[in-house]
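Take a look at the structure set out below.
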């Protein structure tokens, strides 16, 4: 039985726990743009994109796919998580070596940030708490660390003006969060069986399509920044990244709703009301993303001027375009989780491939013609087609398209039992 209060509270805790997106992604970035040369800002955000892409190969899609394993074998959660963490640690070492061989001569920022990948597996612990609708268990500790380290990063940046010291603090921050998550997890798994053997091959088989789709997705969501940096230079990258930080800085709020509904959808996958729950989730996500996109569009110039200064005013036009990606991302996050629950592994890969190819082609054409504005247009078009419109292509996802299309107009989609039972 779904308790609305539990859902709302867990969404709130999850959203608050994601304040690091706001703190390190926006508040800190504002200080960065005010006191650091645009070229350094461009190099730093470029390095962040490299690490974000690398992180996908470390997580291997496991942090998302194990929710299905949790619902099928709840007594085996402890061993599942331990196996996943061991695998991710090994993957992190491999990726760090690869990045060192390719960047050690010309990009120290990438090398330092690469070691944060060792602690990427803390996301697995968060998945465990989110699954149990108990995000608040880790929220307070994580938020305290993030607030303190963000303040410390700002002080160090203002005092030294050296981005390298900031990167070291980011590394220490990720390590401390991991250690706290590990301790909290060990205190909350005593009720689970410690002797059940884990079928890790099955876990990897479930995770592999998620890895493929996630890696393609993160590449095409970051390829605009990589291409802007390489085609237009570090200062253009700074302008583009400043708009992206603002347009993505509030994503943690709708994603809190998505995460809470994920466990509900997974546990009710055979229920006749499954798609009604899905429709409710879409409406709640849109009630956040659409008003936010409208407000940011209307006041983009004022936001850029106040936060970054007039030297970044060109970013306002980018922001008015890029901010609408949030509406697509919110709905797509729900669709992605539906694919995992329903077993539509190949569809998630196809969608991601469509988006990647479109974004690369459009970026090559539009960046040359319109500069950084072209990159924003390319990303919006490719995500709209790949993550929303593509649901019309396959018969099994057309009902998803109808649900989400109506939700854009805040219309509840009442799905018949016949449609619900034919989803598998």
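The values are calculated or read from the model by the stated rules, or taken from the named source; none is laboratory data. All figures in this text were calculated on a predicted structure; none of them were measured in a lab. A quick note on method: Cβ atoms are made from the backbone with ideal geometry, for glycine too, and the neighbour counts reach across all protein chains shown.
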When you go through (1) surrounded by fewer than 21 Cβ atoms within 10 Å (Cβ to Cβ); (2) touching a residue at least 60 places away in the same chain (Cβ under 8 Å); (3) assigned to a loop (DSSP other than H, G, I, E, B) one by one for residue 250, which number turns out not to apply? (1)
Quick one: residue 409 ticks every box in (1) surrounded by 15 or more Cβ atoms within 10 Å (Cβ to Cβ); (2) under 23 Å from residue 338 (Cβ atoms); (3) at pLDDT 90 or above except a single one, so which number is it? (1)
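Yes/no matrix, rows are residues, columns are (1) modelled with pLDDT under 85; (2) part of a helix (DSSP H, G or I):
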residue	(1), (2)
21	yes, yes
24	yes, yes
33	no, yes
56	yes, yes
66	yes, yes
91	no, yes
96	no, yes
105	yes, no
Which one is surrounded by the fewest Cβ atoms within 10 Å (Cβ to Cβ), of the residues in region 159-170 that are at pLDDT below 90 and assigned to a helix (DSSP H, G or I)? 159
What single numbered condition from (1) in a helix (DSSP H, G or I); (2) in contact with a helix residue (DSSP H, G or I) (Cβ under 9 Å, 6 or more places away or on another chain) fails to hold for residue 291? (2)
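Within region 312-347, count every residue that is closer than 19 Å to residue 376 by Cβ, part of a helix (DSSP H, G or I) and more than 20 Å from the chain's Cα centre (by Cα).
Within region 312-347, residues that are closer than 19 Å to residue 376 by Cβ, part of a helix (DSSP H, G or I) and more than 20 Å from the chain's Cα centre (by Cα) number 6.
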Identify, please: which residue in region 107-130 is closer than 14 Å to residue 174 by Cβ and not in a helix (DSSP H, G or I) and is, among those, modelled with the lowest pLDDT? 121
Extreme residue, surrounded by the most Cβ atoms within 10 Å (Cβ to Cβ), among residues of region 386-397 that are closer than 13 Å to residue 352 by Cβ and under 19 Å from the mean Cα position of the chain (by Cα): 386
Qualifying residue in region 131-145 (condition: at pLDDT 80 or above and either part of a helix (DSSP H, G or I) or in contact with a strand residue (DSSP E or B) (Cβ under 8 Å, 6 or more places away or on another chain) (or both)): yes
